[in-house]
1. With Cβ to Cβ distances under 11 Å as the rule, what net charge do the other residues near Pro35 carry (K, R +1; D, E -1)?
2. Loop only per DSSP, at most 10 neighbouring Cβ atoms within 10 Å: give me the GluC sites (Glu not before Pro) in the range 199-248, ordered by residue number.
3. What's the ranking of 113-123, 24-34 by average number of surrounding C-beta atoms within 10 Å, highest first?
4. In deg cm²/dmol, rounded to 500, what helix-only [θ] at 222 nm does the chain give when every DSSP H run of at least 4 residues adds -39500 (n - 2.57) and the total is split over its residues?
5. Just need the Rg to Rh number for the range 91-229, please, alpha carbons only, Kirkwood Rh.
6. At 7 Å along Cα-to-Cβ for each site, give me the label-to-label distance between Glu56 and Thr84 in nm.
7. On a full-extension model of 0.36 nm per residue, what is the gain between Asp252 and Glu150, subtracting their alpha-carbon distance, rounded to one decimal in nm?
8. Mean separation of Cα pairs under 8 Å and 6+ residues apart, divided by the residue count of the chain: what relative contact order is that in percent?
Amino acid sequence: MTPERLKPPERLRLGVNIDHVATIRNARGGDHPDPVRAAQVVSMAGGDGITVHLREDRRHIRDDDLLRVQHATGLPLNLEMAATDEMVEIALRHMPHAACIVPERREERTTEGGLDAAGQHNRLAPIVSRLADAGIRVSLFIAPEPRQVEAAMRLGAPVVEFHTGEYAHACQEPEGGENVAVELRRLADMAALAVKNGIEPHAGHGLTYENVQPVAAIPQLRELNIGHYLIGEAIFTGLEDAVVRMRRLMDDAR
Ligand code: PXP
């Protein structure tokens, strides 16, 4: 690790998803712990962006959090959102730095798979254009598959975020070695394909201290978005420590 290699733009950005601070707050219905305070700690600790997912059922982040979080730090806000008219209107009102379009099913516990950008071209095209025309950086949360990257190209998305859930899952299998290698190869190949076609690749979902480094080592990736694990670790060691530690693991992997 030489200082040059960590200079922007080579540095891999860390977007911290603070949804689950709101999950804990909402468990009691009050205002503690406040996601705004989490955003401020992330900023102090060296996070590069704040990510929030405003879900249809508002189970964690709520509408009033958006504005408060957006103004809590100087960090860019990445709004994860379903491809619905309601969410597009909210994004256009708030003008986050980036909007990551994710698939959303009410009954799922988390975003379980990637967006079918290939199968939903006609539905996504006007949404991508409206957000992009307003100056919001649009990202599509997709599986690391050629047809999805090609669909993102056709839609004119400047960014894709690869769903690392399959990789994270493989890492947990007792004999997961082979599947881990397969998933890493898919991520690396698709990151290269994205860059070749002028798309900036990001990745996220299920990343932990144990599994982040092989993903962070993929040179084309520009950003990782990590949430649940960091908030979980924060319970034991504090959010600042968790962000600093993740940041260091990512830097060391480059
Ligand atoms: N990126 C996107 C697009 C997501 O939807 C999520 C989960 O909300 C994440 C990253 C973060 O995943 P995790 O909470 O498992 O770190």
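Values quoted throughout were computed directly from the atomic coordinates according to the rules given, and no laboratory measurement underlies them. Because the structure is predicted, anything quoted here is derived from the model rather than measured. Note that each Cβ is placed from the backbone with ideal geometry, even for glycine, and that neighbours are counted across all protein chains shown.
1. Numbers: positive: Arg25, Arg37, Arg62, Arg68; negative: Asp19, Asp31, Asp34, Asp64, Asp65.
Cβ neighbours under 11 Å give a net charge of -1.
2. On the way: sites: Glu210, Glu223, Glu233, Glu240; in loops: Glu210.
Within the range 199-248, no GluC sites (Glu not before Pro) qualify (loop, at most 10 other Cβ atoms within 10 Å).
3. On the way: 113-123: 17.1, 24-34: 12.4.
Ranking the peptides 113-123, 24-34 by packing returns 113-123, 24-34.
4. Numbers: 11 runs with 120 residues, N = 254.
Dividing the helical sum by the residues of the chain leaves -14500 deg cm²/dmol.
5. Numbers: Rg = 14.8 Å, Rh = 15.3 Å.
Result for the range 91-229 is an Rg/Rh of 0.97.
6. Label at Glu56, label at Thr84, 0.5 nm between them.
7. Values: separation 102, 0.36 × 102 = 36.72 nm, distance 3.15 nm.
Once the chain is fully extended between Asp252 and Glu150, it gains 33.6 nm.
8. On the way: 460 pairs, mean separation 51.1, N = 254.
In percent, rounded to a whole number, it is 20.
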